[in-house]
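Each remark here refers to the structure printed beneath this line.
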Amino acid sequence: MNVNPSTPAEPHLMRTYARLPIALSHGQGCRVWDTEGREYLDALAGIAVNTLGHNHPRFVAALREQVGRLIHTCNYYYVPDAERLASRLAELSGMENVFFCNSGLEANEAAIKLARKYGHSRGIDFPQIVVYERAFHGRSLATLSATGNPAIQKGFEPLVDGFIRVPLNDIAALETATANNPNVVAVFLETIQGEGGINPARWEYLRQVRELCDQRGWLLMTDEVQCGMGRTGKWFAHQWAEIVPDVMPLAKGLGSGVPIGAVVAGPKAAHVFEPGNHGSTFGGNPLAMRAGLETLRIMEDDDLLGNAARVGARLKAGLRKALAPLPGVRDIRGEGLMLGIELDRPCGGLTARAASAGLLISVTAERVIRLLPPLILSEAEADEIVARLSPVVRQFLSEHTS
Ligand code: PMP
């Protein structure tokens, strides 16, 4: 592959990503191979996308059957699998109904519109939504505006109005920022911030926010796009805090690699949209619905929540044992199979080094190595991640001083 930046390997693609010079060819389980035959252990799963790993026989058979039967849209006719999937998501979350779309940002965009409509229905003409420092919600204009990362907002001003930003896990800051403000309609947060560096909302903080939302009549909206769908060992990460939100955007792992997004709503938000308010040509299409349904069925039949909790704990313990003693490693945190290793120095180059060692990972928030492997990860594969990653980190730290 061409790795010379002056003659890019992809001259016809807009340069929106700094890709590694690897072209993936196929996958099996938690492994993928590139076009030159090199094997990688996939500890990233397309950023929490391939819930079932690669080439899962039952998942592939269901999709093949669906492709041969019907590929269509859903706006004019019923798609029976859409109601089935919505009812299952409502049951698992303790919520009520669902809007289907195609990605995380679309789910978040719909949630933001829903919160604004909710405000208008209560006589609030200029609704405001509380959002968080270091949050990531997507790259459409509204979701980018809700995102707490000035570096990726730069150049796209004017941003969308109507957001109030607060630090995570500080209830006093939230109360101060919203004091005497009658325009607040919702609090919108990632239960565990992903792009921001694997920063969990404290469970106690979530319970306090839930209480505040109840007192003030605000919607609590938990972006579970990255941390949801079993990744932390619960269906949805906020279930660790034993709360139920009013609005929950989902995407990524819900389709195990097939593009899908969903906004799940509880009773306070379930009837805000009326026909004509919002829509999507591909949202709820038969192929994506089949992918979502089959993902949920396999997760249940194979106890992938239990696996994420069990193998995730082993992986975290293994990483702690191997890496925590190293000077330069600040923290190893996360829940289930959503783990971050924070270093005391920028470590962007680590993804390429790990790939050379046969391991796919990512680095986020400059200093945090992020692991989001498929939920089918075995204990032996967890140990293999530790064995492949440790020498890479050790070597990196010895060559790069803080
Ligand atoms: N919300 C969160 C928490 C995310 O992690 C992401 C993607 N990294 C998004 C939203 C946006 O999802 P998408 O890329 O599917 O638009």
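Which angle from 0 to 90°, rounded to the nearest 10, does the C-alpha axis of helix 304-323 make with the longest principal axis of the chain?
50
Which value, in Å², gives the accessible area per residue of the range 90-225 when a 1.4 Å probe is used on the protein heavy atoms?
For the range 90-225, the solvent-accessible area averages 42 Å² per residue.
In degrees between 0 and 90, to the nearest 10, how far off the longest principal axis of the chain does helix 104-121 point, with axes built from Cα atoms?
For helix 104-121, the angle is close to 20 degrees.
Sorted from largest down, give the three principal axis spans of the alpha carbons of the chain, whole angstrom values.
Per principal axis, max minus min of the Cα coordinates gives 59, 53, 45 Å.
Determine ³J(HN,Hα), in whole Hz, for all residues of the range 172-182 in sequence, where each value follows from phi through the Karplus function 6.51 cos²θ - 1.76 cosθ + 1.60 and θ = phi - 60°; x replaces Gly and Pro.
5, 5, 5, 5, 5, 5, 10, 4, 6, 10, x
So, R0 is 35 Å and r is the distance between the beta-carbons of residue 179 and residue 344; what FRET efficiency does that work out to, to 0.05?
Working: r = 37 Å, r/R0 = 1.05.
Efficiency at R0 = 35 Å is approximately 0.45.
Considering the range 37-82, what Rg and Dmax in Å follow from its alpha-carbon atoms?
15.1, 46
In the chain, what is the count of Lys pairs whose alpha carbons are under 24 Å apart, counting only pairs at least 8 residues apart or on separate chains?
Numbers: 113/154; 113/252; 113/268; 117/268; 234/252; 234/268; 234/316; 252/316.
So the count of such lysine pairs works out to 8.
Taking R0 as 56 Å, what's the FRET efficiency between residue 36 and residue 70 from their Cβ-Cβ distance, rounded to 0.05?
Working: r = 37 Å, r/R0 = 0.67.
Result of the calculation: an efficiency of 0.90.
Quick one: 3J(HN,Hα) in Hz for the range 44-56, Karplus 6.51/-1.76/1.60 with θ = phi - 60°, rounded, Gly and Pro as x.
10, 6, x, 6, 6, 9, 7, 3, 9, x, 10, 6, 5
Multiply the residue separation of residue 91 and residue 297 by 0.36 nm, subtract the distance between their alpha-carbon atoms, and state the gained length in nm to one decimal.
72.8 nm
If each of residue 55 and residue 326 carries a label point 7 Å out from its Cα toward its Cβ, how far apart are those two points in nm?
3.2
Suppose only helical runs count, i.e. DSSP H with n ≥ 4. What mean residue ellipticity at 222 nm does that imply for the chain under -39500 (n - 2.57) per run, divided by all residues and rounded to the nearest 500 deg cm²/dmol?
Details: 12 runs with 145 residues, N = 402.
It lands at -11000 deg cm²/dmol.
Quick one: Cα convex hull volume of the range 32-119, Å³ per residue? Before the final figure, lay out each step's value.
On the way: hull volume 14.8 nm³, N = 88.
For the range 32-119, the hull spanned by Cα atoms encloses 169 Å³ per residue.
For the residue pair residue 124 and residue 24, what label-to-label distance in nm results when each label sits 7 Å from Cα along the Cα-to-beta-carbon direction?
For the pair residue 124/residue 24, the computed spacing is 4.0 nm.
Of the beta bridges DSSP finds with both residues in the chain, what % are antiparallel, to the nearest 5? Kindly include the intermediate steps, with their values, before the conclusion.
Values: 32 of 47 bridges.
Counting DSSP beta bridges with both partners in the chain, the antiparallel share is about 70 percent.
Please give the direction-averaged projected area of the C-alpha convex hull for the range 144-284, in square nanometres with one decimal. Provide the component values of the computation, followed by the final result.
Values: hull surface 40.0 nm².
Mean shadow area of the hull around the Cα atoms is 10.0 nm².
More than 23 Å apart: what percent of Cα pairs in the range 296-402 qualify? Spell out each step's value before the answer.
On the way: 1362 of 5671 pairs.
Here the long-distance tail beyond 23 Å is 24 percent of all Cα pairs in the range 296-402.
Among 120, 153, 392, which residue has its Cα furthest toward the positive end of the charge dipole of the chain, with +1 on Lys/Arg Cβ and -1 on Asp/Glu Cβ?
Projecting each Cα onto the dipole axis, the largest value belongs to 392.
Using a Förster radius of 51 Å, what is the FRET efficiency between residue 203 and residue 395 based on their Cβ-Cβ separation? Nearest 0.05, please.
Working: r = 37 Å, r/R0 = 0.72.
That pair, residue 203 with residue 395, gives E of 0.90.
Quick one: net charge of residue 108's neighbours, Cβ under 11 Å, K/R +1, D/E -1? Please list the in-between numbers first.
Details: positive: 113, 139; negative: 106, 109, 190, 223, 224.
Net local charge, residue 108 excluded: -3.
Checking the a/c ratio against 1.5 first, then a/b against b/c, what shape does the Cα gyration tensor give for the range 227-282? Write out the running numbers ahead of the final one.
Working: a/c = 4.83, a/b = 1.25, b/c = 3.85.
Since a/c reaches 1.5 but b/c is at least a/b, the shape of the range 227-282 is classed as oblate.
As I understand it, the value is the acute angle between the Cα axis of helix 203-216 and the longest principal axis of the Cα atoms of the chain; what does it come to in degrees, rounded to 10?
The angle comes out at about 20 degrees.
What stretch of the chain, leaving out the sites themselves, is the longest with no trypsin sites (Lys or Arg not before Pro) in a DSSP loop having at most 15 other Cβ atoms within 10 Å? Walk me through the numbers on the way to the answer.
On the way: sites that count: 15, 19, 38, 122, 139, 154, 202.
Counting only loop sites that pass the neighbour cut-off, the longest clear stretch is 203-402.
Quick one: dipole size for the chain, taken about the Cα centre, charges +1 on Lys/Arg Cβ and -1 on Asp/Glu Cβ, in debye to the nearest 20.
For the chain, the charge dipole is close to 440 debye.
Can you classify the range 229-333 as rounded, prolate or oblate using the Cα gyration tensor, where a ≥ b ≥ c are the square roots of its eigenvalues, rounded means a/c under 1.5, and otherwise it's prolate if a/b beats b/c and oblate if not? Kindly include the intermediate steps, with their values, before the conclusion.
Numbers: a/c = 2.45, a/b = 1.93, b/c = 1.27.
Here the range 229-333 falls in the prolate category.
Between residue 84 and residue 352, with labels modelled 7 Å along Cα→Cβ, what's the label distance in nm to one decimal, could you check?
4.7
The values are calculated or read from the model by the stated rules, or taken from the named source; none is laboratory data. All values reported here derive from a predicted model rather than from experimental measurement. Counting neighbours? That spans all protein chains shown, and the Cβs are built from the backbone with ideal geometry, glycine included. What goes into the accessible areas is simple: the full protein's heavy atoms, side chains included, and nothing from ligands, DNA or RNA. Shrake-Rupley method; radii C 1.70, N 1.55, O 1.52, S 1.80 Å.
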